[in-house]
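The block underneath contains the structure these notes are about, expressed in structure tokens.
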Amino acid sequence: MFPIKIIKRGYKDMLNILYPRLCLSCDEVLHEDEKEICHQCLSSLQLSRFDYTQNNPVYNRLSAIVNIERATALFLFDKAGVIQKLIHKLKYENHPEIGAFFAKTSIKYLQENRFFNDVDYIIPVPLHPKKQRQRGYNQMSVFGENLGNYFSVPYTEKILLRQIYTESQTQKNALERRDNVRQAFDVVGAELCAGKHFVIIDDVITTGATIEACVETILKKIPQAKVSVLALAVVL
Ligand SMILES: [Zn+2]
């Protein structure tokens, strides 16, 4: 008689042949000791290792244009790199589980930096409902929910809303982007949120125009609100 361990092992091998686990970045078949992405892709991800408080490029860029408490990005954006592929798949190829990978990868760093100390809500940069229906989810939701569960901070998409449908921003220059997003957001239930500290989560920070509009909306509509920003990656 086969020991149960061997049967289990055989079953696992068979599953692997029928449904091989693929690297979320390069699509190569994963080895048994590799989790979501392969060792090679993992080693080429560039962690930012920023201190969240002062004098990091994200904080400096955003605090020059808007009033924020903390700001950081987890990775340095590389246009042809693993981070670009992961974020692209997360946004456009129906891979919400990449959000869980990002959350898992960043917990230690965020804990060491006490990023979620005194934070009341985690909110994503909202998508217009039409866009969210097309995509099926907000690309930051799994990331936000997982961090929220870990740090005991509620994640919500019900406070900051996007009321204007904006075209893709990628073809526009900084000034056009800014005009485009300035009026796009609104807050629901402002009085109930008075004095709360929000962490806005976003995928990639470039000029910071979208974040600026989100932060401005919250600070304008919610009395004594505080806002921090956490991005997956930053374009330096
Ligand atoms: Zn890979």
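The values are calculated or read from the model by the stated rules, or taken from the named source; none is laboratory data. All values reported here derive from a predicted model rather than from experimental measurement. Cβ coordinates were reconstructed from backbone atoms using ideal geometry, including for glycine residues, and neighbour counts include every protein chain displayed.
Summary of values
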| quantity | calculated |
| --- | --- |
| Residues being of a type in the set (A, V, I, L, M, F, W, C), surrounded by fewer than 20 Cβ atoms within 10 Å (Cβ to Cβ) and either assigned to a loop (DSSP other than H, G, I, E, B) or on the phi > 0 side of the Ramachandran plot (or both) - total across the stretch 75-111 | 1 |
| Test: residue in the stretch 52-75 that is touching a residue at least 60 places away in the same chain (Cβ under 8 Å) and basic (Lys, Arg) | yes |
| Those helices (runs of 4 or more DSSP H) lying entirely in the stretch 1-74 with at least 2 residues away from the ligand (no atom under 16 Å from the Cβ), surrounded by 11 or more Cβ atoms within 10 Å (Cβ to Cβ) and outside the structural domain of residue 217 (by TED's automatic domain parsing) | 4-18 |
| Neighbours by Cβ (under 9 Å, 6+ apart or cross-chain): first from the stretch 126-154, in contact (Cβ under 8 Å) with a residue 24 or more places away in the chain and over 15 Å from residue 87 (Cβ atoms); second among the hydroxyl-bearing types (Ser, Thr, Tyr) and in a helix (DSSP H, G or I) | 147/106 |
| Filtered residue count, the stretch 16-41, keeping only those that are polar (S, T, N, Q) and either modelled with pLDDT under 90 or in contact with an Asp or Glu (Cβ under 7 Å, 6 or more places away or on another chain) (or both) | 1 |
| Flag if residue 94 is outside the structural domain of residue 26 (by TED's automatic domain parsing), over 30 Å from residue 27 (Cα atoms) and modelled with pLDDT under 95 | no |
